[in-house]
Amino acid sequence: MGVLANQAFVKMNGVGNEIVVVDLRQGDGKAPVIGADEARVAASPQGAPYDQLMALYPPRTPGTDAFVRIYNNDGSEAGACGNGMRCVASIVSDASGKSTLTFETKAGLINAWKGADGLFTIDMGKPRFAWNEIPLAEEFRDTRAIELQIGPIDKPVLHSPAAVNMGNPHAIFWVDDPYAYDLERFGPLLENHPIFPDRANITLAHIVSREHIVIRTWERGAGLTKACGSAACATAVAAARLKRTDRKVKVTLPGGELTIEWRADDHVLMTGPVAFEFNGTFNPALFEQATP
């Protein structure tokens, strides 16, 4: 019937990014992987609709608190989700009393800590800029602006995005108003553009000042969301690379604000709030037709 049948979950959000957390750390340490179809069913209106599902597994590496698998609502797996990791950190911190935590994901080890203000900071690691690390389907020596556009050649609607891997592939288009574009229409086309062999998160970004950026994001595998933490990080890094902002900025998303700092050691820190919504249990009847 699947992993999630009768499984307890916690519904939370990180600046509007809808997150479901399931704790599979109990048992013999060999909790089975959630299937793509099962993840899609869990995100249905009859389940617990989410942007990302964070599944906690027993630690694989000594010194870590859990191995975390991240699922988008289309059933695909993500390498990183900063808002989801803050939700996970909040749950594990409350249960353990620890204010400093380390998690392992497909994208590597992630450190998290709780500040005196109660906000959680996630060390999202180092950004990657090489074309084959993002990855892109063809070589671009300078990924601060790649050749990609939507619309007529002589008058493109969107063009020349920056490309960054921040645990996930990201493309950032610089615009005057992120809300002036039909991102729900352009998003799927750009996410699945042949230039992105692993698909990509698509962000529209407006630089307000050297300390402030406003963004909207079409998330790979999740669609139009109120917030995407890795996109906020990717945008802050891309703007700093272009010397259009400082290395510490406030990023305003539809769901709220995050503080992003690209430190001198190349690590990107994301700080922001989390909100608890409710506890629940998945109805096993949901998964009777789901395939592994």
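The values are calculated or read from the model by the stated rules, or taken from the named source; none is laboratory data. Predicted, not measured: the structure shown is a model, and the values here were computed from it. Reconstructed Cβ throughout: ideal geometry from the backbone, glycine too, with neighbour counts over all protein chains shown. With ligands, DNA and RNA removed, areas are computed over all heavy atoms of the protein, side chains included. Shrake-Rupley method; radii C 1.70, N 1.55, O 1.52, S 1.80 Å.
Taking region 221-251 only, how many residues are open to solvent by 30 Å² or more (accessible area, probe 1.4 Å) and not acidic (Asp, Glu)? I'd like the intermediate steps shown before the answer.
Residues of region 221-251 that are open to solvent by 30 Å² or more (accessible area, probe 1.4 Å), as a first pass: 224, 226, 241-244, 246-248, 250.
Of the ones still in play, those that are also not acidic (Asp, Glu) are 224, 226, 241-244, 247-248, 250.
The number of residues fulfilling the criteria is 9.
Quick one: would you say Arg247 is touching a Phe, Trp or Tyr at 6+ places or on another chain (Cβ under 8 Å) and in contact (Cβ under 8 Å) with a residue 12 or more places away in the chain? If you could, list the steps in order and put the result at the bottom.
On the way: touching a Phe, Trp or Tyr at 6+ places or on another chain (Cβ under 8 Å): yes; in contact (Cβ under 8 Å) with a residue 12 or more places away in the chain: yes.
The answer is yes for Arg247.
Does any residue of region 222-242 turn out to be more than 22 Å from Ala89 (Cβ to Cβ), outside any strand (DSSP E or B), touching a helix residue (DSSP H, G or I) at 6+ places or on another chain (Cβ under 9 Å) and not aliphatic (A, V, I, L, M)?
Checked region 222-242: no residue is more than 22 Å from Ala89 (Cβ to Cβ), outside any strand (DSSP E or B), touching a helix residue (DSSP H, G or I) at 6+ places or on another chain (Cβ under 9 Å) and not aliphatic (A, V, I, L, M).
Within region 132-149, which residues are closer than 28 Å to Leu109 by Cα, buried (at least 16 other Cβ atoms within 10 Å of the Cβ) and aliphatic (A, V, I, L, M)?
Listed by number, the residues that qualify are Ile134, Leu136.
Taking the condition of being touching a residue at least 24 places away in the same chain (Cβ under 8 Å) and either open to solvent by 30 Å² or more (accessible area, probe 1.4 Å) or part of a loop (DSSP other than H, G, I, E, B) (or both), how many residues in region 119-131 meet it? Give the derivation first.
As a first pass, look at region 119-131 and keep what is touching a residue at least 24 places away in the same chain (Cβ under 8 Å): 119-129, 131.
Among the residues that remain, those that are also either open to solvent by 30 Å² or more (accessible area, probe 1.4 Å) or part of a loop (DSSP other than H, G, I, E, B) (or both) are: 119, 124-129, 131.
Matching residues across region 119-131 total 8.
Give the residue that is surrounded by the fewest Cβ atoms within 10 Å (Cβ to Cβ), with candidates limited to residues of region 72-85 that are among the polar types (S, T, N, Q) and under 22 Å from Gly35 (Cβ atoms).
Going residue by residue through region 72-85, those that are among the polar types (S, T, N, Q) are 72-73, 76, 83.
Adding the requirement that they be under 22 Å from Gly35 (Cβ atoms) leaves 72-73, 76.
Numbers: Asn72: 24, Asn73: 22, Ser76: 16.
So the residue we want is Ser76.
Which ones in region 86-101 are hydroxyl-bearing (Ser, Thr, Tyr), in contact (Cβ under 8 Å) with a residue 24 or more places away in the chain and surrounded by fewer than 18 Cβ atoms within 10 Å (Cβ to Cβ)?
If the condition is that a residue be hydroxyl-bearing (Ser, Thr, Tyr), in contact (Cβ under 8 Å) with a residue 24 or more places away in the chain and surrounded by fewer than 18 Cβ atoms within 10 Å (Cβ to Cβ), then Ser96 is the only one that fits.
For region 151-181, how many residues are among the β-branched types (Val, Ile, Thr) and more than 16 Å from Ala205 (Cα to Cα)? Write out each step before concluding.
At the first step, the residues of region 151-181 found to be among the β-branched types (Val, Ile, Thr) are 153, 157, 164, 172, 175.
Subset that is more than 16 Å from Ala205 (Cα to Cα): 153.
Total meeting the criteria: 1.
Name the single residue that is farthest from Leu258 (Cα to Cα) among those in region 57-106 being touching a helix residue (DSSP H, G or I) at 6+ places or on another chain (Cβ under 9 Å) and aliphatic (A, V, I, L, M). Before the answer, list the steps.
Filtering region 57-106 down to residues touching a helix residue (DSSP H, G or I) at 6+ places or on another chain (Cβ under 9 Å) leaves 65-66, 68, 70-86, 98-101, 103, 105.
From the residues that got through so far, the ones that are aliphatic (A, V, I, L, M) too are 66, 68, 70, 78, 80, 85, 101.
Working: Ala66: 24, Val68: 22, Ile70: 20, Ala78: 20, Ala80: 16, Met85: 14, Leu101: 20 Å.
Of everything passing the filter in region 57-106, Ala66 is farthest from Leu258 (Cα to Cα).
Is it the case that region 49-71 has a residue that's surrounded by 19 or more Cβ atoms within 10 Å (Cβ to Cβ), modelled with pLDDT of 95 or more, of a type in the set (Val, Ile, Thr) and on the phi < 0 side of the Ramachandran plot?
yes
Take the residues of region 1-42 that are modelled with pLDDT of 90 or more, in a loop (DSSP other than H, G, I, E, B) and buried (at least 22 other Cβ atoms within 10 Å of the Cβ): which is nearest to the chain's Cα centre (by Cα)?
Val15
Sort out which residues of region 150-172 are modelled with pLDDT of 95 or more, surrounded by fewer than 19 Cβ atoms within 10 Å (Cβ to Cβ) and not in a loop (DSSP other than H, G, I, E, B), and write them in order of number.
Within region 150-172, His159 is the sole residue that qualifies.
Could you grab me the full set of residues in region 263-292 that are in contact with a strand residue (DSSP E or B) (Cβ under 9 Å, 6 or more places away or on another chain) and open to solvent by less than 30 Å² (accessible area, probe 1.4 Å)? Break it down stepwise before answering.
As a first pass, look at region 263-292 and keep what is in contact with a strand residue (DSSP E or B) (Cβ under 9 Å, 6 or more places away or on another chain): 263, 267-282.
Across region 263-292, the qualifying residues are Val268, Leu269, Met270, Gly272, Gly280, Phe282.
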